[in-house]
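Only one structure is covered here, and it is reproduced in the block below.
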């Protein structure tokens, strides 16, 4: 008896009990579609984080005041006496580090913005004129402020799209007056729309002013928490990181055994960390979905065991009229493989449909992964073989005389 | 008993192999001092105590005996479902007494057709597919399977009922499907285990008529196990078992003629046992 015929026999046996076959497959269908959907969500999140980071620029470095980690205790970069980063430090970095092309401080001041009878609370960020270039974030209308305006601490401001929409609905904000902390500013530009970041925060809810202006007129302090530094290329980021570290240690007069009182991080590390996080999340989601696939497999084994008992007489008949034990074993094994692989196929379709529907309904980005599809097909076939083997062996071990007498 | 099978060659259906009843042909069944001992826990049950038996091609033999006489054990050994503990069994020229499980499965497939008391058809499966089943295990290609199954069903008077499932057939019809199934691989031997046990008297005669016809027209060797005397009398030879041994083995002087009896039997209209 050829394998093809055994496969046909197995198919016929399954067709004879359609309802049961469908219910048995359901476990695998749910399992496979869950794995595919979960991995798609994970991969989608990972891809969007990756895209985000690439849009920021992989040659970007952060310099922040205060050490991130002192003797195992994280001090963070809060307001607790971290006066270590100055404008002079940044000027020195720009001047003396050859691998650095651009520098901008980043000073934040939360304040109420008033335009006419509208007002809006947002964070006004003080930066240098190089900010759009460093962050790869262009201005949509108007222009960014100039080097001269930074030096003179001019009261000019560039707003994000959310502000433009809320403070100047239906009118052009360029050239309009706006009050920041009760000081009149002039709107010179509107940033391009950026949308939400992966955490769902609105990135267009911002305003930019010269850092000098923010320091002197809004905050009244000349401290710098964070600065963005652009290296000349992505390859130069590690060189830049160590050169900045050396320079700042020298400027801060730190001796060899004193820890850094600042932190320099580069975007590549951040990207890797983010990647690691989303990879962990993907694996976690896949594992949870994998459990349901396993449960589906146990469902197959359960049904196949019941089926062997229920069909004892059938097995006896088949053996009496000349089926070898191996033919009976193969038949039952193939039945369970057919169940699991058919379930797997339906699961793939359902999983892909789900993955494509999730962005529309939940707004999460997804990315259908070929690996997840191939993996779940192989896994469901393995489930069929693994969980089908025991019942099949049980069927093949039956004695035809006893099996025929079975009621 | 070599005279009983010296029948005139009849007109034969094409494509059906025939065991030609030649007087000096080798026996289909040759049992030589068969013993069967079952071990149940500490107890040894001596089911067969030296059974020797020869059945020649074209014979129609009935095996009788009370329960516990050893007739079922003999049946299992004859059907290669079980192996004798001692002794040799030569089936159609081949010693099958010490064959492995798989070898016996192949022998059953090629040389033996079974008809059981409980019909033992696959449920939710058409009559045609049930009849095709033994050929599936023999590896017959699908076109030939179909043709041979159709022919076998026609031979038992079930033409037109090929697509019916067992639950759409009466007991007599189901048993005829089982007979058709036992025929399709052209076995050397058909074993019928209480084939009329679940049937009423008229249907029993109908099934016996098919057996007699197959035996007389096609020369098929038939071994019938029954405990009913009147059923055994359709056979040409009756072997009676008692306590694991053959008690008697004699030819039937005037076997009953099922075809003749059917003509005189009134058609009972309680069931649709007869095909239209």
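Table: residues versus (1) part of a loop (DSSP other than H, G, I, E, B); (2) farther than 20 Å from residue A:133 by Cβ; (3) assigned by TED's automatic domain parsing to the domain that holds residue A:127.
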residue: A:186; (1), (2), (3): no, yes, yes
residue: A:189; (1), (2), (3): no, no, yes
residue: A:214; (1), (2), (3): no, no, yes
residue: A:217; (1), (2), (3): no, yes, yes
residue: A:238; (1), (2), (3): no, yes, no
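Residue-by-condition table, conditions (1) free of Cβ contacts under 8 Å to residues at least 60 places away in the same chain; (2) under 21 Å from residue B:28 (Cα atoms):
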{"site": "B:177", "(1), (2)": "yes, no"}
{"site": "B:185", "(1), (2)": "no, yes"}
{"site": "B:190", "(1), (2)": "no, yes"}
{"site": "B:203", "(1), (2)": "no, no"}
{"site": "B:239", "(1), (2)": "no, yes"}
{"site": "B:245", "(1), (2)": "no, yes"}
{"site": "B:250", "(1), (2)": "yes, yes"}
- Query: What number of residues within the stretch A:183-202 are surrounded by fewer than 17 Cβ atoms within 10 Å (Cβ to Cβ), out of contact with any helix residue (DSSP H, G or I) (no Cβ under 7 Å at 6 or more places or on another chain) and touching a residue at least 24 places away in the same chain (Cβ under 8 Å)?
  - Reply: 3
- Of residues in the stretch B:148-168 being assigned to a loop (DSSP other than H, G, I, E, B) and out of contact with any helix residue (DSSP H, G or I) (no Cβ under 7 Å at 6 or more places or on another chain), the one nearest to residue B:196 (Cα to Cα): B:165
- Message: Quick check on residue B:121: is it part of a loop (DSSP other than H, G, I, E, B) and within 7 Å of another protein chain (Cβ to nearest Cβ)?
- Response: no
- Any hit, the stretch B:151-165, residues being within 12 Å of chain A (Cβ to nearest Cβ), surrounded by fewer than 21 Cβ atoms within 10 Å (Cβ to Cβ) and at pLDDT 90 or above: yes
- Task: Please give the number of the condition residue A:88 fails out of (1) surrounded by 15 or more Cβ atoms within 10 Å (Cβ to Cβ); (2) under 30 Å from residue A:136 (Cβ atoms); (3) modelled with pLDDT of 85 or more.
- Result: (1)
- Top-ranked residue of the stretch B:124-143 - restricted to ones that are more than 8 Å from chain A (Cβ to nearest Cβ) and assigned to a loop (DSSP other than H, G, I, E, B), ranked as farthest from the chain's Cα centre (by Cα): B:141
- Before we move on, is residue B:184 in contact with a strand residue (DSSP E or B) (Cβ under 6 Å, 6 or more places away or on another chain) and over 17 Å from residue B:232 (Cβ atoms)? no
- Query: Is one or more of the residues making up the stretch A:164-177 assigned to a loop (DSSP other than H, G, I, E, B), on the phi < 0 side of the Ramachandran plot and either crowded, with 20+ Cβ neighbours inside 10 Å or in contact (Cβ under 8 Å) with a residue 60 or more places away in the chain (or both)?
  - Reply: yes
- Subset of the stretch A:341-367 (residues that are outside any helix (DSSP H, G or I) and either surrounded by fewer than 16 Cβ atoms within 10 Å (Cβ to Cβ) or modelled with pLDDT of 85 or more (or both)): A:363, A:364
- Item | Per-region count, the stretch A:309-332, residues more than 11 Å from every other protein chain (Cβ to nearest Cβ) and either touching a strand residue (DSSP E or B) at 6+ places or on another chain (Cβ under 8 Å) or surrounded by fewer than 23 Cβ atoms within 10 Å (Cβ to Cβ) (or both) | 4
- Note on the structure: Taking the stretch B:86-105 and the residues there that are more than 7 Å from chain A (Cβ to nearest Cβ) and surrounded by fewer than 17 Cβ atoms within 10 Å (Cβ to Cβ), the one that is nearest to residue B:26 (Cα to Cα) would be B:93
- Message: Conditions first: (1) at pLDDT 90 or above; (2) within 14 Å of another protein chain (Cβ to nearest Cβ). Residue B:72 passes all but one, so which condition is the exception?
- Response: (1)
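The values are calculated or read from the model by the stated rules, or taken from the named source; none is laboratory data. Since we're looking at a predicted model, the values are computed, not measured. Glycine also receives a Cβ, built like all others from the backbone with ideal geometry; neighbour counts cover every protein chain displayed.
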